[in-house]
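Here's the structure, in structure tokens; my notes come after.
The values are calculated or read from the model by the stated rules, or taken from the named source; none is laboratory data. Remember, it's a predicted structure, so these values are computed and weren't measured experimentally. Note that each Cβ is placed from the backbone with ideal geometry, even for glycine, and that neighbours are counted across all protein chains shown. The protein model used for the area step is the full one, side chains on, heavy atoms only, and it has no ligands, DNA or RNA in it. Shrake-Rupley method; radii C 1.70, N 1.55, O 1.52, S 1.80 Å.
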Amino acid sequence: MPPPASDFGVTTPLPETGIESGNETAVAVNRNGVDTPEADSLLAPKFVRQVIDKAQIQLIFDRRSFVNLSKNAFDYDFDGRKYQVDTSINTTLQRYMLGQLQRRYAHSIGIVIMEPETGRILSMISHDREDPDNNVCTESLFPAASIFKIITAAAAVEECGLQPDSTVTYSGAKHTLYRSQLNRKNQRHLNHISLRDSFAQSVNPVFGKLGLQYLGKKGLISHAEAFGFNQEIDFELPTAPSPFSVSDEPYNWAEIASGFNRSTLLSPLHGAVIASTMIANQGCLVEPSIVDQITDSSGRVIYKSRPKTLNRALSPKTTLAMRSLMKETVLTGTCRKTFQGISQSPILSRLNIGGKSGSINSRTNEGRRFDWFVGYAEEKEGDRKIVISIVVAHQNFIGTKANMYARMAIEKFFEDVGSRI
């Protein structure tokens with residue numbers, strides 16, 4: 001249950017909820033929040049448009065609201081009035097993931113599972129060792145690490161015409177990024193690899209070269225902004241933008257493009273929005289939502305969420321290429337051990353699964369290791385699909401990794417062959 005409204009320090013009252021009038025067609029809403037014909041208008045007041053919007057809802061709820069909900073609806077008192085808040089939380093999935101949470105070795109954990117077509121949040125789970133009531137899912141506290149390779153790969157496909165089978169080269173080790181590995185003149189002992197495999201295996205020098213030699217500062221900025229970096233996410237809860245910056249120093253372009261830095265930060269909520277472009281909405285970002293509707297004490301709906309797509313982050317053709325890269329990551333790349341046995345699993349064998357992992361150590365004095373999974377799962381024969389964004393900040397010992405939480409969530413959500421759980 002969220003803390004009382006007095007804890008928010010908000011004194012601004014909600015807008016008056018008098019019945020709108022005008023020439024528009026009125027819609028009646030029954031006490032269950034279901035649209036009904038106007039003939040049934042005696043059952044509930046009529047409204048023409050919602051009374052409050054997301055910006056006003058943010059005055060009521062802060063980041064501590066909706067932390068680890070076990071129910072998908074609750075009553076809420078604000079300014080002396082009572083409201084019912086209906087959320088999009090899938091209680092079966094939410095309770096299961098809460099039961100699987102391993103807090104012992106983690107400084108913080110953020111889990112966001114979302115419907116990619118509607119933006120409805122099905123599960124949002126937060127663990128913060130220092131502040132248990134904090135919602136880390138909406139905060140940009142975590143280095144994006146190799147998750148940013150999603151943006152670099154999409155940019156390379158769109159800007160440079162690369163395809164999953166395109167051959168790229170690199171020298172040296174796969175997971176280092178020395179200046180010598182980026183030198184155009186260094187043509188000796190080159191390793192040849194496909195873009196698909198370099199993405200799946202998270203080969204830093206390949207993505208460093210893409211950033212340095214092909215995309216440059218301008219290309220990195222434009223594609224990062226297209227995917228929502230440095231921008232407010234319109235959500236019912238206050239949400240911090242994911243910061244992104246790039247200097248004029250060419251080596252920095254390589255660091256940014258490969259995720260080999262701690263300056264590009266990402267929130268778990270934003271990670272889910274990025275993943276949504278891969279399997280829904282023709283490459284457009286989707287606006288996330290966790291509040292389905294808010295009803296006042298008379299049964300009148302004063303807020304109702306509507307699915308909304310935003311700008312196009314990548315073309316439909318590029319989404320197909322990106323899905324190929326992300327599927328390879330699960331099958332043969334950095335996530336292969338976690339997802340082994342897919343073909344024998346009665347649940348996973350029915351799905352298309354793709355993702356990207358990422359990891360980076362914090363600065364020495366903090367002693368944390370940030371561990372990411374951002375991806376998707378969809379039925380091969382059916383219309384159910386989810387996107388997943390999970391980060392774990394391990395401390396001292398490595399506990400349950402983000403990849404494993406992702407597999408747990410996928411298996412739980414799709415275990416019911418029939419209707420949605």
Next item on the list: Just give me the residues in segment 282-304 being assigned to a helix (DSSP H, G or I) and either of a type in the set (Asp, Glu) or out of contact with any Pro (no Cβ under 7 Å at 6 or more places or on another chain) (or both), in sequence order.
Entry: none
Checklist line | Counted residues, segment 145-196 - those being over 24 Å from LEU320 (Cβ atoms), assigned to a loop (DSSP other than H, G, I, E, B) and touching a strand residue (DSSP E or B) at 6+ places or on another chain (Cβ under 8 Å) | finding: 2
Next item on the list: Find the residue count for segment 385-413, including only residues that are open to solvent by 10 Å² or more (accessible area, probe 1.4 Å) and either part of a strand (DSSP E or B) or more than 21 Å from GLU139 (Cα to Cα) (or both).
Entry: 12
Check: All but one of (1) in a loop (DSSP other than H, G, I, E, B); (2) open to solvent by less than 70 Å² (accessible area, probe 1.4 Å) hold for GLU381; which doesn't?
Finding: (2)
Checklist line | Cβ-Cβ under 6 Å pairs, at least 6 apart or on other chains, segment 126-149 side surrounded by fewer than 22 Cβ atoms within 10 Å (Cβ to Cβ), far side assigned to a helix (DSSP H, G or I) | finding: ASP128/VAL136
Next item on the list: Please specify each residue of segment 198-209 satisfying the condition of being touching a helix residue (DSSP H, G or I) at 6+ places or on another chain (Cβ under 7 Å) and either among the β-branched types (Val, Ile, Thr) or at negative phi (or both).
Entry: SER198, PHE199, ALA200, ASN204, PRO205, VAL206, PHE207, GLY208, LYS209
Notebook entry, point to check: in contact (Cβ under 8 Å) with a residue 60 or more places away in the chain, among the aromatic types (Phe, Trp, Tyr) and in contact with a Lys or Arg (Cβ under 8 Å, 6 or more places away or on another chain): does that describe PHE199?
Noted result: yes
Checklist line | Residue in segment 243-260 that is polar (S, T, N, Q) and not in a helix (DSSP H, G or I) present | finding: yes
Next item on the list: For segment 374-413, enumerate the residues that are aliphatic (A, V, I, L, M) and farther than 17 Å from HIS270 by Cβ.
Entry: ALA377, ILE398, MET404, MET408, ALA409, ILE410
Margin query: Among the residues of segment 270-285, are any within 15 Å of VAL387 (Cβ to Cβ), open to solvent by 50 Å² or more (accessible area, probe 1.4 Å) and in contact (Cβ under 8 Å) with a residue 60 or more places away in the chain?
Written below: no
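Based on what the data block shows, is ASP79 over 30 Å from THR400 (Cβ atoms) and without any contact (Cβ under 8 Å) to a residue 24 or more places away in the chain?
So ASP79 does not fit the description; no.
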Checklist line | Failed condition for SER349, given (1) closer than 24 Å to HIS270 by Cα; (2) assigned to a helix (DSSP H, G or I); (3) open to solvent by 20 Å² or more (accessible area, probe 1.4 Å) | finding: (1)
Next item on the list: Select, from SER140, SER65, the only residue that is in a loop (DSSP other than H, G, I, E, B) and either modelled with pLDDT of 95 or more or of a type in the set (Asp, Glu) (or both).
Entry: SER140
Note to self: Show the residue pairs meeting these rules: Cβ distance below 7 Å; 6+ apart or different chains; first residue within segment 298-312 and open to solvent by 10 Å² or more (accessible area, probe 1.4 Å); second residue among the polar types (S, T, N, Q).
What the structure shows: LYS304/GLN50; LYS304/GLN293; SER305/SER289; SER305/GLN293; PRO307/THR118; THR309/ASN281
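So if I check each of SER171, SER166, which one is more than 14 Å from the chain's Cα centre (by Cα), open to solvent by less than 40 Å² (accessible area, probe 1.4 Å) and at pLDDT 95 or above?
Of SER171, SER166, the one residue that is more than 14 Å from the chain's Cα centre (by Cα), open to solvent by less than 40 Å² (accessible area, probe 1.4 Å) and at pLDDT 95 or above is SER166.
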